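Peer 1: Okay, handing you the structure first.
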Amino acid sequence: MQPTIPDVVQTIPLPYYIWFASALFVIGIVGVLTRRNAIIIFMSVEVMLNAVNLLLVAFSAYRSDPAGQVFVFFIMAVAAAEVSVGLAIIVMIYRNIQSIDIGLLNRLKG
Amino acid sequence: MLSIISLSLFGILNLFLGFLKSRRVLLPATLLFIALAFAANLLDWNHQYVYFRDMLRTNNLFINFSSIILLTTFLTVAISRSFGTDEEHTHPAEYYAIMLFSVVGALMMVGFENLIMLFIGLEILSVSLYVLTGSDKRSLRSNEAALKYFLMGSFATGIFLFGIALVYGATGSFNLSAIGSYVSGGPTTGISPLLYVGLLFILAGMLFKVSAAPFHFWTPDVYDGAPTLFTAFMSTVVKTAGFAALYRLLTVSFTGVYGLWWQVLTGVTVLTLLVGNITAVYQSSVKRMLAYSSVSHAGYLLIAVAAKTPQSPSAILFYSLAYSIATITGFAVLILVAEQKPIEGRPDERYEAFNGLAKRNPLLAFSLAVSMVSLAGIPLTAGFWGKFFVFSTAVDRGMTNMGMVLVVAVLMSVVGVYYYFRVIIASYLKTGDSEPIGIRPLYRFILVLTTALTIGLGLFPDVVRQLF
């Protein structure tokens, strides 16, 4: 008999998922805080969101509760909407200053 | 609930109205839509409904909060006028529609019963605001503000979501009451440590959205760079919705671990009050001063959340109402005054621009003075009672717990008087241009209305407070 997907997920203990998702999340945070390129920062945010997705799927499989996976769909849909707005903003900036280095954005101070 | 549905439909309708040749119809139509949504919102008064299998819940608290949000949106839309006159805003219908959609998000944040709904409401609100912040496409300041807001906002969303995932891991549910019964029911094995970490992450995300220190660093830049109209919108609607959501989440789900989040919130409150008020003193631009002032008002509102007494919701409601009305008046006057003499093509938002305002237009100067006095919390204005109710929740909680916060809050209100009165002194005592400033009738009506409301609420706070 084919093993069900929760069974496959459960072949790895839950703490491993938590550690892995946390590691991905931290990588994302470090990326946001240290990189200067708007696209790379944006990419790091997506890594953070995917760490969340992974964690939700793991919890959902371990608890045999579909709500977590439904939430993942919502996160994906909203992240897609955010990408479209975010890239539009980045394109708008590129048209004005021919660069996407956030170090060049320093008009607002005080 | 009807208000959420009707606003979504009206937003789409508004986009279609954009195809019309005449732009004149847009502003009255949008105002009518908001008024209709406001009326639809009141239909549910004294009824309790639960929608979509425990996703949304409406009750009188929901109606109160959403009425404040709709009222501030109405006022903000009514003072919008530069749309359609210059190149940049050739599609005013879209801006109005985006504003309506963001209000839908705000209402969802007020009525959520499930963390999924909170997340979606927060994102509808935020994504719309990223667009509105960057709506002045050729201005580099607006671009920069939009990018900063977007990057920091999505970063905060990521942290917030990680918190939700951890709470889900601990409790196995996204439902507020289910989480609440897990937390206070005391599971046999003890509360999972994941829940504590998750709660802290959720708090960080929410505090970021309401711009409380130390998560406020984006606020001054974003508020300064965004077109002033949208700054007014952001600093009022987001704050009201954010605090409604924060209070609801913490009281319904996490009452059982009050000892934990109370400490975090009081620390954040003290820091927010100090940072917001003291930095505001050093600003040379009124717009930036108002941005820091909005940070400091987040601090006062946090006191009521941290106190968590039965009076807290009505204190938060009254404070948000007083703050929103006064802030909108302040920004409305700022828009008019700043555009009189642009410096290098952009509005002059320094304190000096207000010199001699009382002679140029007495109504503007008077409503500005009333709004600043209300923000400073001087008696006979709404702001005083807002602060009074908030402080009395802290007193109810007990001086041993909240005494330190109260001392800081009172001291910082005094600091607030200094920077708010700088504007009043500039407009009444200093001399500047003598060229009079003209106001359109609708604008004049809104200024008179908000000023009357501020003074009226200051004289008879019980009229509104009975409803809360």
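Read-outs throughout are calculated quantities, based only on the coordinates presented, and are distinct from any laboratory measurement. What you are looking at is a predicted structure, and each value in this text was computed from that prediction instead of being measured. No Cβ is skipped: glycine too gets one built from the backbone with ideal geometry, and neighbour counts run over all protein chains shown.
Peer 1: Counting only residues 5 or more places away or on other chains, whose amide H sits under 5 Å from the amide H of B:Tyr49 once H atoms are built in the peptide plane?
Peer 2: Here B:Thr58 satisfy the definition.
Peer 1: Determine which residues of the range A:32-56 fall in the zone a paramagnetic label at A:Ile97 would reach in this model, i.e. backbone nitrogen under 11 Å from the point 7 Å along Cα→Cβ.
Peer 2: A:38
Peer 1: Considering all projection directions equally, how large on average is the shadow of the alpha-carbon convex hull of the range B:29-141, in square nanometres?
Peer 2: For the range B:29-141, averaging the hull's shadow over all directions gives 7.7 nm².
Peer 1: Quick check: Cα centre of the range B:250-271 to Cα centre of the range B:378-423, how many Å?
Peer 2: For the range B:250-271 versus the range B:378-423, the Cα centre distance is 20 Å.
Peer 1: Still on this model: Just to confirm a number: summing +1 for Lys and Arg and -1 for Asp and Glu over residues other than A:Glu82 whose beta-carbon lies under 12 angstrom from that of A:Glu82, what do you get?
Peer 2: Summing Lys and Arg as +1 and Asp and Glu as -1 gives -2.
Peer 1: By the scheme Lys and Arg +1, Asp and Glu -1, what is the net charge of all other residues having a beta-carbon under 10 Å from that of B:Ile303?
Peer 2: Spelling it out: positives minus negatives among the neighbours equals +2.
Peer 1: Determine the gain in length on full extension of the stretch B:Val395-B:Ile343; use 0.36 nm per residue of separation and subtract their C-alpha separation, reporting nm with one decimal.
Peer 2: Additional length available on full extension: 13.9 nm.
Peer 1: May I ask which of B:Lys137/B:Lys209; B:Lys148/B:Lys239; B:Lys287/B:Lys308 have a Cα-Cα span longer than 30 Å here?
Peer 2: Check vs 30 Å cut-off fails for B:Lys287/B:Lys308.
Peer 1: Now for a different question. Give me a single rounded figure for B:124-135: the average over its residues of other chain Cβ atoms within 10 Å of their Cβ. Kindly include the intermediate steps, with their values, before the conclusion.
Peer 2: Values: counts 2, 0, 3, 6, 1, 0, 5, 3, 0, 1, 5, 0.
Whole-number average of other-chain Cβ neighbours for B:124-135 is 2.
Peer 1: Determine the distance separating the Cα centre of the range B:59-82 from the Cα centre of the range B:101-118; give it in Å without decimals.
Peer 2: 15
Peer 1: Based on the alpha-carbon gyration tensor of the range A:14-101 and its eigenvalue square roots a ≥ b ≥ c, which shape applies: rounded if a/c is under 1.5, prolate if not and a/b is larger than b/c, or oblate?
Peer 2: oblate
Peer 1: Using the Karplus equation 6.51 cos²θ - 1.76 cosθ + 1.60 (θ = phi - 60°), what ³J(HN,Hα) coupling, rounded to whole Hz, does each residue of the range B:17-28 give in order, writing x for Gly and Pro?
Peer 2: Rounded to whole hertz, the list is 4, x, 6, 5, 5, 7, 8, 5, 6, 5, 4, x.
Peer 1: Roughly how many Å is it from the Cα centre of the range B:432-468 to that of the range A:76-92, as a whole number?
Peer 2: Cα centres, the range B:432-468 to the range A:76-92: 39 Å.
Peer 1: So which aspartates and glutamates pass the test for B:Lys341, namely a Cα distance under 15 Å, with those fewer than 8 places away in the same chain ruled out?
Peer 2: Result set, ordered by chain and number: B:Glu349, B:Glu352, B:Asp433, B:Glu435.
Peer 1: Go through the range B:285-296 residue by residue and turn each phi into a ³J(HN,Hα) via Karplus (6.51, -1.76, 1.60, θ = phi - 60°); whole Hz please, and just put x for glycine and proline.
Peer 2: Each residue of the range B:285-296 in turn: 10, 5, 5, 5, 4, 5, 5, 5, 5, 5, 4, 5 Hz.
Peer 1: ³J(HN,Hα) across the range B:61-76 via Karplus (A = 6.51, B = -1.76, C = 1.60, θ = phi - 60°), whole Hz, x for Gly/Pro?
Peer 2: Working through the residues one at a time gives 5, 4, 5, 4, 4, 6, 5, 4, 4, 5, 4, 5, 4, 4, 4, 5 Hz.
Peer 1: Still on this structure: Counting other beta carbons within 10 Å of each Cβ, put B:Thr327, B:Thr309, A:Thr11 in order, fewest first.
Peer 2: Going from least to most buried by this count: A:Thr11, B:Thr309, B:Thr327.
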